[in-house]
Structure formats: structure tokens, C-alpha cells
Amino acid sequence: MKKQKHRPALVNIWYLLRQAVRQDRTYPLALAAVLAVKLALPVIATLLPTAAVAALTRGGTLGTYLAAIGGLMVLYAGGTFLGVLLEEVLSVKNSVFRTIWGVTAQTKKALTMDYQLLESPEGLQRMETASHAVGGNHVGVEGMLRHLADWLLNLLGMVLYGGLAVALDWRILLVLAAMTAANYAIALWAWRFNMRTKGEADKDLRGQNYFFRLSRNPANGKDIRLYRMEQWIMGAVTACVMRRDSWRRRSFGRRALRSVSDSVFLVLRDLLAYAMLVGSFLAGDIDAAGFTLTIGVISTFTNWLNMFVAASDDWRYETLEVDDFRNFLDQEDIFNHGPGPDVSKVQSPPRVELRDVTFTYPGGEKPVIDHLNLTIRPGEKIALVGLNGAGKTTLVKLLSGLYRPTGGEILVDGVPAADFNAAEYLRLVGTLYQDVKLLPFTVGENVSGAEDYDRERVWACLEKAGLREAVEALPKGLDTSITQRLERDGVDLSGGQQQRLLFARALYKDAPILILDEPTAALDPLAEADLYQKYAQTTGDKTSLFISHRLSSTQFCDRVVYLENGRVAEEGTHRELLERGGKYAELFEIQSSYYKDKTDQEEPS
Amino acid sequence: MKKPDRKEFFRDFQASLQVVSAQMPGLLPVTILKALLNAAYPFVGIILGAQILDRLLAGGEGVMTLVWWMVGLNLALSLAMRLIEPYQENLMCKSDNMTDIAIVKKCLTMDYQQLETQEIMDRKIRAVEGSRISGGGGGTLGFLYDLADALGHGATILYALLTVSRLFVRGTLAPDAPVWVRALNSPWAALGLLAAALGVTAACIPLTRWANREEAKVYEGSIDGNRRFGAFFGLLDYPVGKDLRTYDMSGMVLDKFLRNERAKNSLFRKRYMRLQGIRSMISIVNLATVLLAYAFVGLKAMAGLITVGAVSMQVGAITAFAGAVSQGIELMGKLDLHRKYMKEFAAFLDTPSEKYDGTLPVEKRDDGDYDLEFRDVSFRYPNQDQWSLRHVTCRLPKGQKLAVVGPNGAGKTTFIKLLCRLYDPTEGEILLNGIDIRKYDYGEYLSLLSVVFQDFRIFSMKLGENVAASVDYNSQRVWECLEKAGMRERVERMPDGLETGLFQQKEDGIELSGGEGQKLAIARALYKDAPVVVLDEPTAALDPVSEYEIYSRFGRLVEGKTSVYISHRMSSCRFCDVVFVFDGGTIVQQGSHEALLDQEEGLYAQLWRAQAQYY
């Protein structure tokens, strides 16, 4: 496992800023405008009372007094209006950046990266942390960019006002510097505590969220009620919440300490500032207006300082999440995503050869596919059988082009599968996976995999899959959405209908190699028999692989391959294997025993 | 706001406060205290700073005493605030957690039927997630934070008015003072200023209403946008990735996602900018108050009625006042939204059980003599026109094995759901020992049933706990049940045995295959040891050998119990005593396997032949 890469916060913010500018050329303009206005507003706010005091003590007339105040007020009002609008423009830009750049980049990566990496525990972990980094307005990617304006603004403000304060009296700088240092040190201390303990707290948060989702999912509701699980689950939720509460108390306590130190330094600052200014005033060095101005400058500086430390502190958390995000995007693929041999040159149907293929899952002790050799002749129909855990589903993923063997190679028409461009190889195989996953899009889109599709062909495929009538009965036919997840007027299909839809999808793809992984598990006996018959008709001359625990299916295939511990243990036609009386015959015997007449069969004990 | 709305607002608001007080009794007083302290803090500077300025202008006598006072008060106030803050935040988070826990508990215990009812669950989503956007906390927490802020603004307004009240004090006039000075000195002039300030605030009211309407639109829009976003994000779940790659659908997903986001963003941008525009107009209108105040106190100072220090004090107080008013107005809109969501939340928690819950205890018997009977039962799912079950009359064979078969959609699983009282029959009744099952205490009735549903669920907790469905379990019995379900060996090889965590959601646990999960679900049913056992498609994911083991053990597993076995594998009927054949929501055939097979034209024979022909 590669170590997680960490970059300095400034490197990450520079990266985000570059991406933001690439997305939206006006981003720096908006940022600069916000900074200019937000820097000017406190200056006006400081000048207002100073101007009032100046006019009153320096013997101004009512006219000059009102002109000075009125002018500043108009400026202030205009600045406020502009500031709010500009800030919102920037805020919306930040949100848009998160979804249009961040979430899109993540989605794109998740959709195109090697499936094998995505599915690995490490990949899943990366995916989860990356999701979190673009999961909200105030975390990770967007949070960091949002804080850029704060950070720059307060940095500029600190420099400006610090300079002013120093010009007025350098001793004040000492207090302010001590204040900054203490503030920073305590923030760092609180951060370290957080980093040390965050793992456990995150785990509890994950647990809390898990139970929250779990409780409201109707699919869980039946078991929860039947087994009276509420106390068990409530106990577990409460435990997570209590642990997080105690962690948070400690974390809050540390944050409070920073505020306490602030309070103490503020007193020191005020004492010193007032003592110095009173002295200067009495000595005649400054007048009342100068006095008011300096007090204003010093207290505003403290404001800049606190906000600056807060923004830097937020960055410290956010930059870690941005690291997570970048590490997710930077994952290197192992498949060939560059040019490869021409897929269209592959014959239809092709010959598929597995040569000494081995596959071990990352972190797995022993290979799931173990030096497997198998040649599938062009147009041959193979039935793949074996016990749970024999490696059938892994073999499906290898042949489908989702996994790459850790040893040996797969040849398609003599060309190593690894040489093909990964996406192009995928075009060669149509697979019905065991776990049915339909998209919340329309029926037509689910069958064709595209928004623009040949409606006639979709109907034809639905017909072949035995789903035409059911789709015709739907309110919007092919344009009916599946599930209400995306469209309110979507419909739910039964398990059997979903299975048929997947079959139609595979037919629409019309790939030269067809793989069916347990397509009949959810079907009733009549639908199952129907599928067997259709299978033979519709697969035509394709090279195909059929996997099922219902051994009746093997009779439609040219050859049965019996898999055991990741190797081919037996192969031959159904009849040959029965005659051989090996493991396959035994398995078939077990299943068929129930279907034979009672007279010639013993009841299992 | 119309009149009845206002009444409703206060009533709901009070109800929300009661929810909060009930959850965390100390929270409301602490929040009020902190708001008072928080708002007082700037006034120390405003008032004493002015005194200092006056004292300086008067020659500086005793000015440092004032400085010490100011600094001391500031320290005391800020320390008090800092110490209350973590305490308050902690209470707030606790209160928020209690909201979460209350929702979890409600979901776990409400009628199953309600859990599947979209309107009820929508209410919950709106209650919890409705306001959890734009960075604001949702539910109770958001309400509390905004409430605390609103109280703070209220306190600021109060302090400002107290400070401003000094303007009502008449100054000493020179006998030859001009008329305008005399007029300025009158309390009526100060009242006029206040009236003008209130007038400005009143002018904000239509703007505020407009802003509230816009804000509600932004929130509502975000809820739907977030729901759709969630649906797209769900497509990144890795098992979907196989299909997306194989059928080259990534491009379509990405296109649709981007289109969805762009549409959402442009709508959001338009509405949000409008909302912010209105809000900044409100704060600008409020600046008019500040300008008026500057003019008024400036004039007074020039007339020599008040000191320069008093000018800075009054101006400071009125600036604080205007800020508090404009921010307070903004918060009223938010509080109104929170109120609506809190109301939904309360309504969700108060959703009454629609199910009649009887009180009869279930007779405890060792002989398993529980007689279950369906009498003319019909059932329609809520909001459906079609009957899922129609006129079903049958008696579960006591102490025997029953197989239930039939095509997809024939009503087999619905039959079981009614038996478990997850739903009540639309017509007819189900009887236990001659008495309608609705009359029994629901918990007691459920204790009679061990069910392995087709879509059984194993949770991300310890394996042993999953089998016992409880934190406390009898290890020996768990091992026995695992053994019977054919899972013992596998569990023995696991790193922590029964203590092994499952899945990744909560535990850093191990993954189970479909077959292993099924065996674990069977072990759980055995652990419950109820007199009636129901297995819905328990072998669908199992290979022939595991299937054989379950079949051959089945008799022993359910010995002496009434058992129901639903399966598409017709072979399972062979070892059952009675078979019910469902079709179109009714029982079309019943009898022993042999008897049914003899009816050659019957559905059962058809189903059987469809599978048996291949063996």
C-alpha cells in the first residue's frame, strides 16, 4: 500500500486556484474585487468616528461635519452593497467550482479508472475520503478555496493595520506579536490533539451515520421488527454518540483555552495602548481625533489577526482533505489506456484462451484463480459450474476486462487482452452480472446505455428478452424512468423484470462474447425454462459463458467446465462428465435427486 | 405575515422551544445568559471609551482609573463568555444528537407499513435535511444557533436603547440659547429621532417578507437538488461500476450529471443572488438610521448640549442598534424556516401508529401447539389498485413442513408479510388459536416467528451479536446455531470468532459472500427458537452442495415446529408435508407433492416439469 502523499497547504491552495481559474477566467477578478471592498470597509468604519470627533474638536461647522460623515456613510453604504453582492458572486463561484470541477473530476475518475482499483479496499477508502473532500460547502476543496479570500484579506489587513499601529508606536507591536504567537501555538496544540484522536471520533461518526441510514431503510425494517433489534441498535447508536460527545468535550475545551488566552492578551493590549495614548495626548502629541483613530486601528488589527489565525487553522484541516482528493485523482491505472491493437479486427466470434491465469486479491493469502488454463473455441457455449467460492465470479471479471490477471495471460484471437486499450476491450464482452444494478434513467437508456439510441432495436431486444409487453404497458413506454430516485414518476420493476431488462441490454450491445452470471436466481421455474430456451436462440453464434447453480442450464451448452479452487477440475460435455462420474456428476446427482421419481430415489436423511 | 400566520408562528415557536427544553433543560437559560453577556461586551467599550475621551478633553484627571475599569470589565465579561461557550456548544451538540437518536428510535419502532410510506418518510427528510444546507446546521442544532444569534441581537437592541435613553435628559441651556438649540434639547427631539429609526425599520418589513419568500424558495429548491445529486452520487457505488464499464454508460452518466448540476447551479445562482440583493438593501436602508443619529448628536454637540464623548457613545450605540436590527430581520426569516422544519420533525415523531395493538399475551406452550389460520384474507398495498392477495383461506399445518411455490408476483412474500403483521389484511382476518392476531400484543406475537426473508439483512456489527440480535448473547448457543446452519467452520477461521466485526460501514470488519450471509441469517432464525419458522428463498445464492445440506438438515432444524418454506427450486417441495401453490394472489392448489403432481394439468405440475425435465 502506497503511503498517502501530503503537500503543504499553500501548494494545495495554489493548485485549487489554478483549477478554479481554468474553469472560470473571471475567478481572480471576483476574488480581487471582494478583497478590495472588504479591505476598504473597515477603513471607512474606523474613519467615521474619527471624522466626527475631528469635526467637533477642531472647530468645524455643521456643514463640514455633515459633509464628512455623509460622504463616508455613502461610501460605506455603497461598499456594503457591493461587498455583499461580490461576496455572493464569489461564494456561488466556489460552490459551482466544487460541483462542476470537483465532483465531476471525482465522478469521471470513478467512472473511468480501473475497476480493479476502485473495488479494492484501498480504492474504496480513497473514494470515501475523496467524496468527503467535495461533500460540502465548508469542507475540503470548497472550504479551502472559500477560506482563501478570508486568509488573504486578513493577511493584508494585518499588514496594513500592523504597519499603521507600528507607525504610531512600535511597542504595541510587541504585545500584538506575543498575542499572535500564543494564539498560533494554542491552535497548533488543539490541532495536534485533533489529529491524534480524530480517527476514533471519525469511526464513531461513521457508525452514527450508518445506524441513521440503517434505521430508515425499509429493507431493514422487517428483520429489525421480527428479531426485536431496536434495543440492540439503540444501544450501539447511543454508544457511538456518547463516545463522540466525550471527545468533543475535550476538543471544545482546547478551543476554549485559545479564547481565554485571547481575553488575557486583549486586556494587556488595551492597557498598554491606552496608557501610551493617554500619555501622548496629555503631552500634546496627538489630539482627540488621533486618539480615536489609533484606538480604532488597534482594535481592528486584533480582529484581522484572529480571523487570520482562524482561516489558517481551518486550512490545516482542509488541506488534508484536499490531499485525499488529489491522491484519489492521481491514482495510477494498471490497464492500458493508450492505443492498442485494433479491436475491430477481432473475429466474431473470437477464440478466447486463458493461459496459466492466476489472480490473487490485494491482501489475499492464496490465489482465487490458480494457474488456470482454458480455451474457448469461437462460438462455443461454455457452462461454468462449481461450489460457492470456487472462483467463478472472479473469472467473469477477468474475462470481462475488469480485472487483470496477476499471473499468466488471456488471449483473444491470439492477441494478449492486456495489449488492448482497456475501454476498447470492454466492447468485446457483454456480461450480465449477478448483482442487478439498474440506473435511475429511462428503460430505453438502460437498455442502450445512451441517451440517443435506436428505438427499433431496443424494442426488438426487449421482445427477445420477453419484456416487450411489460414495457408497452408502462405509462411512458421506453421513456419511463426506473425507480423514483431521480424522477418522481419512475416505476419499480420486479426482480424477474429487472433480470430480463439486463438480458435485453446484453442483446443490444451485441458483443461477440457473452457472459451470464447466475441470471436465473430470482426467476420462477417457468421464467427460468423460458430463459434457457431464449438463451440458445439469442446467443446465436457468439462465444458465451453461462454460470449457474441450477445445473439444468448446462444442457444447453457445448461444454461444461467444473471449477474447483480456482482451477479447472473437470471439463467435457454434460453427458461425458456424467459418465465419468466425477465431481460434476456428484453435484448433478445431488440436485437432480429431488426431481427424480420417489421410487428410484432415496429420500435424503 | 398575515394574522393567523403570526399566531401559528408563536404557537409553533413555543412548541419548538419546548422540544429543546425537554431535550436539554439547561440549554435555554445558558443560551440566554450568553446572549446577554455577548451583547454587553461592545457596550463596555462604547460607554467607557466615551467617558475616557471626555475625561481626556477635560484635562485627563483620573483617566487611568477609567481605563482600568474598562479593561477589568472586558476581561470579566470575555472570560465568562469563553467559559460558558464550550459548555453551551456541548449542550447544543447533545441536543442535536438526541434529535438524531429520537429519529432512529422512531424509525426502528414505527409501523413497518409507515416506514414504507413515502409521505411519512418525506416529512422526516424535510425535518432533518431540510435546513442542513448552505453550511447551516439543520434540525434542532440550526434552530438553536439561529435562536442564540437572534437573542443576542435582541439584547444588543435593548442595550442600545438604554444607552440612547440618555439623549432624553435635558442639558443646561444658556439663557440666550437660540430656538433650534432649545428644540434640540427637548425630549421630543430625541423621541423624533427614535420614531425616525423605527420608521426606517418598518420600511424594511416589506423587503423582509420578500427576502423570506425568496429564502424559502432557495431552501426548497436545494432539497430537491440535493436529492437528485444523491441519486447520481449513488451511481458511483462500486458494484454499479461493472455495468457502467461493460455497457459503456459512463459518458451518459457524466453528461446527465453535469446537465443536472448546471441546471441546479443556474437556478440556485439566480435565486441566491436575488436573495442577497434584497438582504443588502435591508442593511443599507438601516444605515439611514445611523446617518440620522450622527446628524442629531453632532448638532447637539455643536450646540454644547452633550460632550464629544457622548457623541461617540451615542453613535456607537445606534450603529450597534442598526446592525442588530438588520441582522435580526434576516434571522427572522431563518427562524421561520426552522420553525417549519421543527414542526415537521415533531409531526414525524408524533406519527401515531395506525396499527391496532392488542393486549392479549400469547400463551406460552412447549408443545408448539400454535394454530395459524387465514380466513378470507385479501390485501392491497397502500396506494395500489391491484389486489396482491385475494380471498386467501388456509390453515398452516401445525408442526408440519409447508412449501409455498408459484410464479414471480403470485403473492408468496406478501403472504408472509401479513403473517408477520408487517401489514394488516385489507379484508378478512388471520387467527392464532382462533383469535384475530391483531388482538395480541404485537411484541409477544412476533416472538412466535423466526423468519429468514428473501432480502435478509446482516448488520455491520459483531458476528455473534448479529446471530443473537442483541449485545448480550449466549456464546454456546450461538455456536450451536452456526453449526446447524453450516457456518461454524467458517466462523472458527475468522480472526476474532464471534467477536469478529462484519462489513466496513461501522466495523473494520470482514466481507461475507451471499451464501455466507444466508447461512448467518438462518443461524439467527434458529437462535430465536420460535415455534413457527419461515424461510423465504433461503438457498437462492447457495451452490448445490450447500443447498443439499440445508435441505437435508431442514427437517432436523425445524423439528416439531410449524415451518414455511418458499422457493423457486421446486425440489424443496419434496421434503415438505404440504404444498401451497400461489397464482395471481390466491392459493390455486394445495396438497402433498405427490397429490399435486398427479393433477397433470395443474400449475404445480407445470412448474415441476419446467425444472425436472432437465434432470
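The values are calculated or read from the model by the stated rules, or taken from the named source; none is laboratory data. Computed from a prediction, not measured in an experiment: that's the story for all the values here. Cβ placement follows ideal geometry from the backbone for every residue including glycine, while neighbour counts extend to all protein chains displayed. These accessible areas exclude ligands, DNA and RNA; they are computed on the full protein's heavy atoms, side chains included. Shrake-Rupley method; radii C 1.70, N 1.55, O 1.52, S 1.80 Å.
At a glance:
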{"read-out": "Among (1) hydrophobic (A, V, I, L, M, F, W, C); (2) within 30 Å of B:GLN384 (Cα to Cα); (3) buried (at least 20 other Cβ atoms within 10 Å of the Cβ), the one test that B:VAL67 misses", "value": "(2)"}
{"read-out": "Given (1) closer than 30 Å to A:LEU438 by Cβ; (2) open to solvent by 20 Å² or more (accessible area, probe 1.4 Å); (3) modelled with pLDDT of 90 or more; (4) at the interface with chain B (Cβ under 10 Å from one of its Cβ atoms), index of the condition A:PRO512 fails", "value": "(4)"}
{"read-out": "Every residue from region A:91-111 that is at the interface with another protein chain (Cβ under 7 Å from one of its Cβ atoms), buried (at least 19 other Cβ atoms within 10 Å of the Cβ) and of a type outside the set (A, V, I, L, M, F, W, C)", "value": "A:THR99, A:THR107"}
{"read-out": "Helices (runs of 4 or more DSSP H) within region A:426-493 that include 2 or more residues buried (at least 23 other Cβ atoms within 10 Å of the Cβ)", "value": "A:443-448, A:455-464"}
{"read-out": "Residue in region B:520-529 that is open to solvent by 30 Å² or more (accessible area, probe 1.4 Å), in a loop (DSSP other than H, G, I, E, B) and either modelled with pLDDT of 95 or more or in contact with a Lys or Arg (Cβ under 6 Å, 6 or more places away or on another chain) (or both) present", "value": "no"}
{"read-out": "Region A:390-401: number of residues that are touching a Gly at 6+ places or on another chain (Cβ under 8 Å) and not in a helix (DSSP H, G or I)", "value": "2"}
{"read-out": "Residue that is most open to solvent (accessible area, probe 1.4 Å) [pool: residues in region A:276-290 that are at the interface with another protein chain (Cβ under 7 Å from one of its Cβ atoms) and not β-branched (Val, Ile, Thr)]", "value": "A:LEU282"}
{"read-out": "For A:ALA417: the one exception among (1) touching a strand residue (DSSP E or B) at 6+ places or on another chain (Cβ under 7 Å); (2) without any contact (Cβ under 8 Å) to a residue 40 or more places away in the chain; (3) of a type in the set (Gly, Ala, Ser); (4) open to solvent by less than 10 Å² (accessible area, probe 1.4 Å)", "value": "(4)"}
{"read-out": "Number of the condition not met by B:LEU607 [criteria: (1) assigned to a helix (DSSP H, G or I); (2) within 23 Å of B:ILE458 (Cβ to Cβ); (3) open to solvent by less than 10 Å² (accessible area, probe 1.4 Å)]", "value": "(2)"}
{"read-out": "Residue satisfying all of: in region A:236-250; open to solvent by less than 60 Å² (accessible area, probe 1.4 Å) and among the aliphatic types (A, V, I, L, M); farthest from the other protein chains (Cβ to nearest Cβ) among these", "value": "A:ALA239"}
{"read-out": "Options B:LYS401, B:LYS439, B:LYS484; residue that is open to solvent by 20 Å² or more (accessible area, probe 1.4 Å), within 14 Å of another protein chain (Cβ to nearest Cβ) and among the basic types (Lys, Arg)", "value": "B:LYS401"}
{"read-out": "Some residue of region B:581-589 being within 10 Å of another protein chain (Cβ to nearest Cβ), free of Cβ contacts under 8 Å to residues at least 40 places away in the same chain and either on the phi > 0 side of the Ramachandran plot or open to solvent by 10 Å² or more (accessible area, probe 1.4 Å) (or both)", "value": "no"}
{"read-out": "Selection count where residues are farther than 20 Å from B:ASP455 by Cβ and assigned to a loop (DSSP other than H, G, I, E, B), scope region B:544-573", "value": "4"}
{"read-out": "B:ALA216 vs. criteria of a type in the set (Gly, Ala, Ser), at pLDDT below 90 and surrounded by fewer than 18 Cβ atoms within 10 Å (Cβ to Cβ)", "value": "yes"}
{"read-out": "Check on A:ASP517, buried (at least 20 other Cβ atoms within 10 Å of the Cβ) and either within 13 Å of another protein chain (Cβ to nearest Cβ) or among the small types (Gly, Ala, Ser) (or both)", "value": "yes"}
{"read-out": "Where B:ALA203 falls short, out of the listed (1) open to solvent by 50 Å² or more (accessible area, probe 1.4 Å); (2) farther than 30 Å from B:LYS270 by Cα", "value": "(2)"}
{"read-out": "Residue in region A:251-269 that is nearest to the other protein chains (Cβ to nearest Cβ), counting only those that are closer than 12 Å to B:LEU77 by Cα and surrounded by fewer than 16 Cβ atoms within 10 Å (Cβ to Cβ)", "value": "A:VAL260"}
{"read-out": "Complete set of residues in region A:330-346 that are closer than 24 Å to A:SER120 by Cβ and of a type in the set (A, V, I, L, M, F, W, C)", "value": "A:ILE334, A:PHE335"}
{"read-out": "Filter result (small (Gly, Ala, Ser) and in a helix (DSSP H, G or I)) within region A:281-320", "value": "A:ALA288, A:ALA289, A:GLY290, A:GLY296, A:SER299, A:ALA310, A:ALA311, A:SER312"}
{"read-out": "Qualifying residue in region B:301-322 (condition: within 30 Å of B:VAL20 (Cβ to Cβ), touching a Cys at 6+ places or on another chain (Cβ under 7 Å) and more than 7 Å from chain A (Cβ to nearest Cβ))", "value": "no"}
{"read-out": "Residues of region A:439-470 classified as facing another protein chain (nearest Cβ under 9 Å), farther than 25 Å from A:ALA536 by Cα and touching a residue at least 24 places away in the same chain (Cβ under 8 Å), total", "value": "3"}
{"read-out": "From the options A:ALA167, A:ALA219, A:ALA178, residue that is surrounded by fewer than 19 Cβ atoms within 10 Å (Cβ to Cβ), part of a helix (DSSP H, G or I) and within 12 Å of chain B (Cβ to nearest Cβ)", "value": "A:ALA219"}
{"read-out": "Subset tally (residues that are more than 17 Å from B:LEU235 (Cα to Cα) and modelled with pLDDT of 95 or more) for region A:430-447", "value": "1"}
{"read-out": "Residue among B:ALA22, B:ALA76, B:ALA50, B:ALA40 that alone is under 25 Å from B:GLY328 (Cα atoms), of a type in the set (Gly, Ala, Ser) and outside any loop (DSSP other than H, G, I, E, B)", "value": "B:ALA40"}
{"read-out": "Residue in region B:263-272 that is in contact (Cβ under 8 Å) with a residue 12 or more places away in the chain, assigned to a helix (DSSP H, G or I), more than 10 Å from every other protein chain (Cβ to nearest Cβ) and touching a helix residue (DSSP H, G or I) at 6+ places or on another chain (Cβ under 9 Å) present", "value": "yes"}
{"read-out": "Where B:GLN518 falls short, out of the listed (1) at the interface with chain A (Cβ under 9 Å from one of its Cβ atoms); (2) in contact (Cβ under 8 Å) with a residue 12 or more places away in the chain; (3) not small (Gly, Ala, Ser)", "value": "(1)"}
